[in-house]
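Have a look at the structure below before the remarks.
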Amino acid sequence: MRVPMRALLWSAYLVISLLLLVPIAGPAYPLVVGAGALLLALFAAPRAFAWSPRIRDIAALLAMYLACVALFYVAFQVVTVGSEMVLFVVFGAGLLLGVIGPLVHVVAVQGRPLADLGLTRARLPMTLALGVVLAVLQAAITFPLVTFGAPDSWLPLLVLALTVGFFEAIFFRGYMLAILEPMLGVMPAVAVAALLYALYHVGYGMGSEEMLFLGGLGLVYTIAYALARNVFVLWPLLTPLGSFFANVRGGEIEMPMIAILGFVDVLGLMAAAIYITWRWTRQRLRPTTAPAP
């Protein structure tokens, strides 16, 4: 299968951006990867800009975004670890809202397919190949900087990263591009999604320097999604491994092994919501009258 030159250029951009993670980590990283994306967009995607705002869709997206950030803020800045069960319930509610909300808005309200959220088997072999290459490259660069302890110290963090990574892939990549791209064009939509991704980390209590760096990393991840149009380029490898590395290296999050069951439950509810939506779309497309003889 012949790969278009544009896809090769953007794939090379992704590889170079990940290679720069360690050499220029910090506030310089978003500036470098942002400038590279802008130059490449002007050269390889000159029609990637548009302007056709739809107020209702913008309002729905912002309402859902603010609700998720508020739930995370309450969980980590108000409840905190002093009440682990309440923290998990509020945090889990935010994660579920970030998956179920897009299903309702894009599929049920707008009548669009699940593929518009990146939930598709189309182009799956190439998507998985790109995801594996990027994930292995990212891990090879970052994981030598981490010292792992006993499994009970990092295994809950791995399951946490898988759960949060799925939420982020659906909400900040699939959903935001599905809503913003028809209004703004692909590159402005990618930029806005990366900006909102950076700012949402205020819910975790992160500072401006951390959020600035995550904005650059979010830009790279969103471009990877825009290239593949499939969440499986990001999940379950690329973004969860990035989050897992940051959590283990930071050493600020400690979770008991029992927390794994909670995150597995959240992932199961997310999968159930997607399955129910898929069944509903199939039922909706099924003919309601018998064919003529």
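Give the stretch 28-49 a look and list any residue that's within 23 Å of the chain's Cα centre (by Cα), at pLDDT below 90 and of a type in the set (Gly, Ala, Ser), or say none.
First, the residues of the stretch 28-49 that are within 23 Å of the chain's Cα centre (by Cα): 28-38, 40-41, 45, 48-49.
Restricting the remaining residues to those that are at pLDDT below 90 gives 41, 45, 48-49.
Scanning the stretch 28-49 gives ALA41, ALA45, ALA48.
Evaluate the stretch 127-142: report whether one residue or more is β-branched (Val, Ile, Thr), more than 21 Å from ARG229 (Cα to Cα) and not in a helix (DSSP H, G or I).
Within the stretch 127-142, none of the residues are β-branched (Val, Ile, Thr), more than 21 Å from ARG229 (Cα to Cα) and not in a helix (DSSP H, G or I).
Going by the conditions given, is LEU199 more than 19 Å from ALA67 (Cα to Cα) and either in a helix (DSSP H, G or I) or touching a helix residue (DSSP H, G or I) at 6+ places or on another chain (Cβ under 6 Å) (or both)?
When the stated conditions are applied, LEU199 does not pass them.
Here are some residues: LEU31, LEU21, LEU14, LEU42. Which one is more than 30 Å from GLY101 (Cβ to Cβ), part of a helix (DSSP H, G or I) and either of a type in the set (Asp, Glu) or touching a residue at least 24 places away in the same chain (Cβ under 8 Å) (or both)?
Values: LEU21 fails: part of a helix (DSSP H, G or I); LEU14 fails: more than 30 Å from GLY101 (Cβ to Cβ); LEU42 fails: either of a type in the set (Asp, Glu) or touching a residue at least 24 places away in the same chain (Cβ under 8 Å) (or both).
None of the others qualify; the one that does is LEU31.
Counting just the residues of the stretch 64-109 that are free of Cβ contacts under 8 Å to residues at least 40 places away in the same chain and among the polar types (S, T, N, Q), which one comes out nearest to ALA193 (Cα to Cα)?
Among them, the one singled out is THR80.
So, TYR275, is that one assigned to a helix (DSSP H, G or I), aromatic (Phe, Trp, Tyr) and crowded, with 19+ Cβ neighbours inside 10 Å or not?
no
For the stretch 240-254, check the following and say yes or no: at least one residue is at positive phi and surrounded by fewer than 19 Cβ atoms within 10 Å (Cβ to Cβ).
Taking the stretch 240-254 and keeping what is at positive phi, we get 251.
Subset that is surrounded by fewer than 19 Cβ atoms within 10 Å (Cβ to Cβ): 251.
Scanning the stretch 240-254 turns up at least one residue that is at positive phi and surrounded by fewer than 19 Cβ atoms within 10 Å (Cβ to Cβ).
I need the full set of residues from the stretch 190-212 which are surrounded by fewer than 21 Cβ atoms within 10 Å (Cβ to Cβ) and among the aromatic types (Phe, Trp, Tyr), in order please.
TYR204
Which of the following residues is surrounded by 20 or more Cβ atoms within 10 Å (Cβ to Cβ), in contact (Cβ under 8 Å) with a residue 40 or more places away in the chain, farther than 16 Å from PHE72 by Cβ and charged (D, E, K, R): ARG229, ARG173?
Result: ARG173 is the single residue among ARG229, ARG173 that is surrounded by 20 or more Cβ atoms within 10 Å (Cβ to Cβ), in contact (Cβ under 8 Å) with a residue 40 or more places away in the chain, farther than 16 Å from PHE72 by Cβ and charged (D, E, K, R).
Looking only at the stretch 50-92, which residues are acidic (Asp, Glu) and either exposed (fewer than 13 other Cβ atoms within 10 Å of the Cβ) or modelled with pLDDT of 95 or more (or both)?
Within the stretch 50-92, just ASP57 meets the criteria.
The values are calculated or read from the model by the stated rules, or taken from the named source; none is laboratory data. Since this is a predicted model, take the numbers as computed values, not measurements. Note: ideal-geometry Cβ built from the backbone for every residue, glycine included; neighbour counts use all protein chains shown.
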